[in-house]
Amino acid sequence: MNIALKPLAHTAPSLRDAMRLVAGGVSVVTVGVGPERTGLTVTSAVSLSIDVPTMLVSVNRTASAWPVLQKHRSFCVNFLAADQQAVADRFAGKGGVKGAARYEGARWHALETGALALDGALAAIDCSVSEFIERHSHIIVLGTVEAIRLGHGDPLVYGQGRYGAFLPA
């Protein structure tokens, strides 16, 4: 028996509205070196595997960091602490900040791949690209973990269009 599946009547704005209701940790993904360095703020960075440590990051094709990531094939996921909202804003391009200027106002250190880790981040996970998967408006980037630096503190979270902090129950 063949059952025809009716496509769901979702539009991009309705999916966006639904996903805004889900709070997520905020990360800054750094890419490139020297004057080419740039990066972006994401809530779509997660571990994919522990046995072969692998990270997954979703990057919009229109992001200025995308061509730099393609060229350098490495990145660092910096999970932000609650007091690092200004860093998240800079890497989101607020105020028109672009490229290497996004790194101003914070301290950074290169890890194994040369990608930069943020001092004071909850964790910095340095990765070399193992695969790019193109889907619709985004690129799914899989990265093999090369180095990890741990910090401490409470996470910066984003939900319903605003930043907040994690409050334990």
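Taking springs between alpha-carbon atoms closer than 10 angstrom, which of Gly105, Gly25, Gly114 fluctuates most in the Gaussian network model of the chain?
Looking only at Gly105, Gly25, Gly114, the largest GNM fluctuation is found for Gly105.
Apply the Karplus parameterisation 6.51 cos²θ - 1.76 cosθ + 1.60, with θ equal to phi minus 60°, to every residue of region 39-47 and state each ³J(HN,Hα) to the nearest whole Hz, in sequence, with x for glycine and proline.
With coefficients 6.51, -1.76 and 1.60, one gets x, 8, 8, 9, 10, 10, 10, 9, 6 Hz.
Name the residues whose placed amide hydrogens come within less than 5 Å of the amide hydrogen of Ala81, ignoring near sequence neighbours (fewer than 5 apart) on the same chain.
Here the answer is Leu122, Leu156, since their amide H atoms fall under 5 Å of that of Ala81.
Could you list which residues have their amide H under 5 Å from that of Leu111, counting only those 5 or more apart in sequence or on another chain, with H placed in the peptide plane?
Counting only residues 5 or more places away or on other chains, the set is Ala117.
For the chain, modelled as a Gaussian network with Cα springs under 10 Å, which listed residue fluctuates most, Val97, Val26, Val141?
Val97
For region 103-115, take each phi angle, set θ = phi - 60°, evaluate the Karplus expression 6.51 cos²θ - 1.76 cosθ + 1.60, and give the result in whole Hz per residue in order, putting x for glycine and proline.
Those phi angles translate into 7, 5, x, 8, 9, 9, 9, 6, 9, 3, 7, x, 5 Hz.
Dividing the convex hull volume of the alpha carbon atoms of region 25-159 by its residue count, what do you get in Å³ per residue?
Output value, Cα hull per residue: 104 Å³.
What do you get for GluC sites (Glu not before Pro) in region 45-143 restricted to DSSP loop and a cutoff of at most 15 other Cβ within 10 Å of the site's Cβ?
For GluC sites (Glu not before Pro) across region 45-143 that sit outside H, G, I, E and B with at most 15 neighbouring Cβ atoms in 10 Å, the list reads Glu104, Glu112.
If you plug each phi of region 121-131 into the Karplus form 6.51 cos²θ - 1.76 cosθ + 1.60 with θ = phi - 60°, what whole-Hz ³J(HN,Hα) values come out, in order, with x for Gly and Pro?
3J(HN,Hα) across region 121-131, in whole Hz: 5, 4, 7, 10, 10, 8, 9, 9, 5, 9, 6.
Could you work out the relative contact order of the chain? I mean the mean sequence separation of Cα pairs under 8 Å and 6+ apart, divided by the number of residues, in percent.
26 percent.
Once label points are set 7 Å from the Cα along Cα→Cβ at both Ala23 and Ala101, what is their separation, rounded to one decimal in nm?
Label-label distance for Ala23 and Ala101, simple model: 3.3 nm.
Using amide H atoms built in the peptide plane, which far-off residues or other-chain residues are under 5 Å from Ile139 H to H?
Val59, Asn60, Arg61
Can you list the trypsin sites (Lys or Arg not before Pro) in region 88-120 that are in a DSSP coil and have 15 or fewer other beta carbons within 10 angstrom?
Here the trypsin sites (Lys or Arg not before Pro) that fit, given the DSSP loop and packing criteria, are Lys98, Arg107.
For Arg37, Arg16, which order do you get if you count the other beta carbons within 10 Å of each Cβ and list the fewest first?
Starting with the residue having the fewest Cβ neighbours, the order is Arg16, Arg37.
Before anything else, pin down the relative contact order of region 46-131: Cα pairs under 8 Å, at least 6 apart, normalised by residue count, whole percent.
32
At most 16 other Cβ atoms within 10 Å and a DSSP loop assignment: could you name the chymotrypsin sites (Phe, Trp or Tyr not before Pro) in region 100-169 that fit?
Those that pass, being in a loop and sparsely packed, are Phe166.
Here, each number is a calculation from the coordinates, and none is a lab measurement. The structure presented is a predicted model; accordingly, all values stated were derived computationally and were not measured. Positions of Cβ are generated from backbone atoms using ideal geometry, with glycine treated the same way; all protein chains shown enter the neighbour counts.
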